[in-house]
Every structure is written in C-alpha cells, then in structure tokens.
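FYI, it's all coordinate maths here, none of it is from the lab. Given the structure is predicted, the values throughout are model-derived calculations rather than measurements. All Cβ positions, even for glycine, are placed from backbone atoms using ideal geometry, and neighbour counts span all protein chains on display.
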Amino acid sequence: MADGIRSRLVTAGRRRLGAVAYYGFASRLHPLLPGGRALRAALARGLCDGVGSRVNIAPGVRLAPGLRLHDDAGIGAGTVCTGPDRIELGERLIMGPQCLFVTNDHPVPPDGGRFWDQPARSAPIVVEADVFIGARVTVLPGVVIGRGAAVAAGAVVTRDVRPGAVVGGVPARELRHRLP
C-alpha cells in the first residue's frame, strides 16, 4: 500500500514540475524557434495521459491531465483543453487556433431551479483520425467527432459528428458529406 501512495506522489510531483516548465517557459516559445516544438511536446508528455510522436503543440496551448494526443496530431495556438474527463485527439488531426475542448458542464435546471443546486456532469471528448477543426471551435462534453470529418471555424459542437461529415454553425449541424 505504501508503494502505491509513493507512486502517486511521484507522479503528481512530476506533473507539477512539468507544468512549471511547460507553462513558465515552453508554452511561450516562438513557433519558429528551433527546438521549441520538440520541447513543448516533450514537456507535454509529463503533463498529459499520452503524447504520440511528431505532434505539434503550438504556443499558448493549455493542456488537461486527461489529454491523449496521438501521432502526427497538431493543436492550434491558444487552444484550451479543460475538465476532469478524457480528451482524445486522433492521428493526423489538423486544428486551427483558439479552440476550446470542455469535458464538464452544468445542466440547465428545470422549472426555474437554481444553477448552484445542479450537479456538474462530465463526459469524455473523442476526435478520431484525419479530422480538420477550424479556428475557434468549441467542443462540448461527450462529443465524438468521426474519422475524416471537418468542423468549420467558429462552430460549437454539441453532439456527435458522423465520419466524413462537414459541420458548421452554432450549434453545429451537418452541411454536407465529404467522403464516398
């Protein structure tokens, strides 16, 4: 039992040190500075649940502990990943700047109830492989964005996006299908 506690403390300590190095230094490095991209990815490995190879984490990205970033994926500058649940970003993801991934929410209370009395809910977000996400897209809890989908800039994704769909708007709706 003592070994399990020690292991959790060591992991928590590594995450804290990684956070200090990432947010205090690496997340602010200019995108064209040699080695900045590799340094951000290396430090993200200590903060997140998983970071694949050849990832591109642009400057100013806020990382969540439950983030899992697969190979060849890119996160746009100024993107925020937040919440207690898992955020999984698939292979070969292309993302614009200032996106928001939120895994927790408070439901609107029925019959004029108080927001304060409503329990928070949390659900994972999954973005599958070969997806394009435009600038300033918001993805809400429990959403799955299917393989090969495209999300237009400024969209608010409140429900699942089927594979190959092109969606846009607030809330996002399917505009067309791009895959045969």
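Observations on the structure shown:
- Computed log10 I(q)/I(0) for the chain at 0.17, 0.18, 0.19 Å⁻¹: -1.05, -1.13, -1.21, from the Debye equation with unit scatterers placed on every C-alpha and solvent omitted.
- Charge dipole (debye, nearest 20) of the range 49-177; +1 at Cβ of Lys and Arg, -1 at Cβ of Asp and Glu: 240 debye
- Structure-based [θ]222 nm, the chain - -39500 (n - 2.57) summed over DSSP H runs of at least 4, per residue, nearest 500: -6500 deg cm²/dmol
- Spin-label pair Ala120/Asp105, simplified geometry with 7 Å Cα→Cβ offset, distance in nm: 1.5 nm
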